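Heads up, the thing below is written out as structure tokens.
All of the numbers you see were taken from the coordinates with simple rules; none came from a lab. Because the structure is a prediction, the values reported are computed rather than measured. With ideal geometry, Cβ positions are generated from the backbone for all residues, glycine too; neighbour counts draw on all protein chains shown.
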Amino acid sequence: MIYTVTLNPAVDYVVQLPAFTAKTVNRTAGEQLFFGGKGINVSLILAQLEIQSTALGFCAGFTGKAIADGIEKKGVKTDFAEVKDGFSRINVKIKSSGGETEINGQGPTIDSEALERFYATLDNIANGDIVVLAGSVPKSLPQDIYENIIKYIISRCDNVKFVVDACGDLLLKTLCCKPLLIKPNNHELGEIFGVRLKTAQDVIPYAKKLKEAGAENVLVSMAGDGSLLIDSFGKAYFCKACKGNVKNSVGAGDSMLAGFLAGLSDGSKNALLMGTASGGATAFSDDLAVKKDILFLYEKLRADESTVTEMI
């Protein structure tokens, strides 16, 4: 079983406007609601690829119930810890001719009782399972919470694999636990080491540093410039990005992570192809990708022998 952890899930309220004008009434031309958060996005893509997962984390109030009900309808099991006060955050995304404006909510304060309930949900995790820890952490939780979660699970099970998609110290503190996969993008990787990384060749030495620090696989996404993988054997592979009309960047990295996990049983190169196809399919969609679009791009990538190259 794959478990995904989203500590601060959200309802994304997306509105389209012909133009946005401050200090006056604006009327929408279209509206959409999405239920997300990085770990939840991973679960939703896994469901498209017919891989079962359970979404863990916190939910609060009417929005928390909407999130749980919404993703269960899409084939994702949930076991959220309820927060008694407040409500799960709402992110407002305004799209207009002048560009995109985002107003992101904070989410509820996680009290000690809710945290205890969350840790109780981790007791269902068993040997052979994979746990995905993805996204930011609410201010009311300690910034080493991912490390604490991993150590709690390890204290109970000695054969659980971990995947971490986070920034800065939140990611670095987990490397001592030897995660199966970490997935920074090139900008996040550069921030860790105080450098600017543009090309795959730039990325390689710093990705290898994170592998040496404990990560089994390091997957670095570079948006339209492709992605780089340092695999469990220390080999470096570069994969070209999919070609298409980019409509949406939200969830593309999460989709890549889910696709990588879905393809990993057939080797690291196949995982890289499936991850790239999944990320591309989401980028070319208005919402997260659907199975047919992922498989279409996967077959296109696989048919081109120049898509993936081993780098020195």
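Below is a table of values for the structure above.
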item: Cα extents of the stretch 1-133 along the three principal axes, largest first (Å); result: 55, 36, 21
item: For the stretch 215-312: Kirkwood Rh in Å [reciprocal of mean 1/r, alpha carbons]; result: 12.9
item: Distance from the stretch 81-158 to the stretch 15-80 (C-alpha centre basis), Å; result: 15
item: Listed peptides 275-286, 298-309, 247-258, 83-94 by packing density, highest first (mean Cβ within 10 Å); result: 275-286, 247-258, 83-94, 298-309
item: √(5λ) per eigenvalue of the Cα gyration tensor, the stretch 120-221, largest first, Å; result: 26, 15, 10
item: Rg/Rg_globular for the chain, with Rg_globular taken as 2.2 N^0.38 Å and Rg from C-alpha atoms; result: 0.98
item: Mean shadow area of the stretch 148-188, taken as a quarter of the surface of its Cα convex hull (nm²); result: 2.8
item: Sorted by Cβ density within 10 Å, fewest first, the residues V76, V25; result: V25, V76
item: Across K151/K291; K38/K161; K211/K240; K93/K208, pairs whose alpha-carbon gap is larger than 28 Å; result: K151/K291; K93/K208
item: D293, D231, D158, D69 arranged by Cβ crowding within 10 Å, fewest neighbours leading; result: D158, D69, D293, D231
item: Of V15, V290, V220, the one that fluctuates the most in a GNM where the chain has Cα springs shorter than 10 Å; result: V15
item: Distant-in-sequence amide H partners of N248 (H built 1.01 Å from N, under 5 Å); result: S285
item: Under 14 Å, Cβ to Cβ, from K84 - net charge with Lys/Arg +1 and Asp/Glu -1; result: -3
item: Cα-centred dipole magnitude for the stretch 1-133, charges only on beta-carbon of K, R (+1) and D, E (-1), debye, nearest 20; result: 580
item: 17 Å cut-off, amide nitrogen to a point 7 angstrom out along D286 Cα→Cβ, residues in the stretch 84-123; result: 93-97
item: Within the chain, helix-based [θ] at 222 nm, where runs of 4 or more DSSP H residues each add -39,500 (n - 2.57), nearest 500; result: -11000 deg cm²/dmol
item: Neighbourhood net charge (13 Å Cβ-Cβ; Lys/Arg +1, Asp/Glu -1) for L297; result: +3
item: E102 paired with K65, simple spin-label distance in nm, labels 7 Å along Cα-to-beta-carbon; result: 2.9
item: Ranked Y119, Y237, Y146, criterion: other C-beta atoms within 10 Å, fewest first; result: Y119, Y237, Y146
